[in-house]
1. Across the stretch 14-30, what is the total count of residues that are buried (at least 19 other Cβ atoms within 10 Å of the Cβ), assigned to a loop (DSSP other than H, G, I, E, B) and in contact (Cβ under 8 Å) with a residue 24 or more places away in the chain?
2. Looking for whichever is loosely packed, with under 14 Cβ neighbours inside 10 Å, touching a Lys or Arg at 6+ places or on another chain (Cβ under 9 Å) and of a type in the set (Asp, Glu) here; the options are Glu74, Glu98. Which one fits?
3. Filter the stretch 104-149 down to residues that are over 15 Å from Gly11 (Cβ atoms) and touching a residue at least 24 places away in the same chain (Cβ under 8 Å) and give me whichever is surrounded by the fewest Cβ atoms within 10 Å (Cβ to Cβ).
4. Report, by residue number, each residue of the stretch 95-108 that is under 19 Å from the mean Cα position of the chain (by Cα) and not in a helix (DSSP H, G or I).
5. Checking the conditions here, which among Lys65, Lys88 is under 30 Å from Leu35 (Cα atoms) and not assigned by TED's automatic domain parsing to the domain that holds Ser9?
6. Out of the residues in the stretch 53-66 that are at pLDDT 90 or above and loosely packed, with under 15 Cβ neighbours inside 10 Å, state the one that is nearest to Tyr141 (Cα to Cα).
7. Could you list all residues from the stretch 53-94 that are in a helix (DSSP H, G or I), small (Gly, Ala, Ser) and touching a residue at least 40 places away in the same chain (Cβ under 8 Å)?
8. Within the stretch 37-82, which residues are within 30 Å of Cys16 (Cα to Cα), basic (Lys, Arg) and in contact with an Asp or Glu (Cβ under 7 Å, 6 or more places away or on another chain)?
Amino acid sequence: MIDEKIKESIGPCGLCCETCFAHVDGDIRKYSIKLKEKLGNFNINAKRFETLMDDPIFKKYAEFKEMLDYFASENCKGCRNEQCKLFKDCGVRGCHQEKQIDFCYQCDQFPCDKTNFDPGLYKGWVIINEIIQKKGIEEYYEKARTRPRYA
């Protein structure tokens, strides 16, 4: 029996939802909120620093803040709770619900062409599911939840 915390954290595809930038309880969101708090009204100072330091990088602060605001916004609760907000055409969630399996590797058709993933994500999906199958979900989860998602 798979621990419910692990099932909530690891999507049916094998990706760790917690490490996604869109996850409501993820570190990226948490640290983005903290950085926003620490920066305060830095936008006022960004204009000043552009002149004082003669550094044009501060002209980009508005774009940086927009991205930071996006990362800090509450988004996704994980693929087992709602349709993925990043991969709107993801075929995994519906398939896993239909077949009543926890992870793709458990399917007799794995690997298949129903994911709708791009080639890079598809390759990672196959590798992840092979790791879960070989080492077990608990060992995979312990590593997946602490390593950078976008390495």
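1. Matching residues across the stretch 14-30 total 4.
2. Numbers: Glu98 fails: touching a Lys or Arg at 6+ places or on another chain (Cβ under 9 Å).
Of the residues listed, the single one that is loosely packed, with under 14 Cβ neighbours inside 10 Å, touching a Lys or Arg at 6+ places or on another chain (Cβ under 9 Å) and of a type in the set (Asp, Glu) is Glu74.
3. Here the answer is Pro148.
4. Result: Asp102, Phe103.
5. Numbers: Lys88 fails: not assigned by TED's automatic domain parsing to the domain that holds Ser9.
Residue meeting the stated conditions: Lys65.
6. The first filter runs over the stretch 53-66 and keeps only residues at pLDDT 90 or above, leaving 57-66.
Going one step further and asking which of them are loosely packed, with under 15 Cβ neighbours inside 10 Å, we end up with 57, 59-60, 62-63, 66.
On the way: Ile57: 39, Lys59: 41, Lys60: 37, Ala62: 37, Glu63: 34, Glu66: 32 Å.
For the stretch 53-66, the residue satisfying everything is Glu66.
7. We begin by selecting, within the stretch 53-94, every residue in a helix (DSSP H, G or I); these are 56-72, 92-94.
From what's left, small (Gly, Ala, Ser): 62, 72, 94.
Correct list: Ala72 only.
8. Applying the first criterion (within 30 Å of Cys16 (Cα to Cα)) to the stretch 37-82 yields 37-39, 63-82.
Okay, now just the ones that are also basic (Lys, Arg), so 38, 65, 77, 80.
Correct list: Arg80 only.
The values are calculated or read from the model by the stated rules, or taken from the named source; none is laboratory data. Everything numeric in this text was worked out from a predicted model, so none of it was measured. With ideal geometry, Cβ positions are generated from the backbone for all residues, glycine too; neighbour counts draw on all protein chains shown.
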